[in-house]
1. Which distance in nm do the two modelled labels at Lys105 and His32 give, with both placed 7 Å along the Cα-to-Cβ direction?
2. What net charge do the residues around Arg60 carry, taking every other residue with its C-beta under 11 Å from that of Arg60, with Lys and Arg at +1 and Asp and Glu at -1?
3. Pull out the extension gain between Glu42 and His173, defined as 0.36 nm times the separation in residues minus the alpha carbon to alpha carbon distance; nm, one decimal.
4. So what's the projected area for the range 82-161, the Cα convex hull averaged over all directions, in nm²?
5. Could you check the simple spin-label distance between Asn88 and Lys127, using points 7 Å along Cα→Cβ, in nm with one decimal?
6. For His118, His32, give me the order by solvent-accessible area with a 1.4 Å probe, most accessible first, ignoring ligands, DNA and RNA.
7. In square angstrom, what is the accessible area per residue of the chain with a 1.4 angstrom probe?
8. Which percent of the accessible area of the chain is formed by carbon and sulfur heavy atoms (probe 1.4 angstrom)?
Amino acid sequence: MITNKLKTDSFYLELGQLTPDSVNHLAPSFDHLPANPYADGEFRLRRYSRFTLEQGQLKRLPSQAFVQDESINHFQGNVVRSYEEIDNNIVIDPAFVELFEHFQKMASVVDGTPIEVHQLRIFADHKSAEVAPEGIHQDGFDRIGIYVMQRHNIEGGNINIHLDNNSPALISHDFDKGEFVVLNDRKFFHSAQPIKPIDGDQGHMDIFVLTANLMH
């Protein structure tokens, strides 16, 4: 794993990359994501679960709906969304545990803290598709981790990190092959460029997003 850390006072941002073996283990699971009945279902398939990590062991938490305040998410704010859980075959894979271990260590998340994880396929079918329809935003957590597992037949889709919601991107990178960023969601903002197929057919990018609030 390659890392590069920027950490000053409350700043927290770290880049890294999963091993090729971990990506190979996890990537096929994105081919089995269910349909998404909500507004973003036009361009996103999704699963959603909650876990704790304690001494390297993942424990699944009870299912619950996902909702973000409209002040945070202008696209689907105040919409109570229920998604299918992440498949057990993935949860028991050591590569999936590795996601949480990186996130927990880099983001200073203590054992037993609830961690939410979204498994997303964002696809563009013969046209451009928004990766982050919210624009430059925060997710409303203390820490988030964005792991881009793979990209297929697309251009665009750069993940952008901003110092505020009006600033140009501090970082803009076409994350791929298990590259990820873990950041302080209270300090930084993020966005993403739209994607479009390279050859006119369907393309996609596959992402895990982990979020947590620090336990005080």
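1. About 2.9 nm separates the two model spin labels.
2. +1
3. 44.7 nm
4. Averaged projected area of the range 82-161's Cα convex hull equals 7.1 nm².
5. Result for the modelled spin labels: 4.1 nm.
6. These residues rank, largest area first, as His32, His118.
7. Per-residue value: 47 Å².
8. Here carbon and sulfur together make up 49 percent of the probe-accessible area.
The values are calculated or read from the model by the stated rules, or taken from the named source; none is laboratory data. From a predicted model like this one, the values you see are computed outputs, not experimental measurements. Cβ coordinates were reconstructed from backbone atoms using ideal geometry, including for glycine residues, and neighbour counts include every protein chain displayed. Surface accessibility is based on the protein's heavy atoms, side chains included, excluding ligands, DNA and RNA. Shrake-Rupley method; radii C 1.70, N 1.55, O 1.52, S 1.80 Å.
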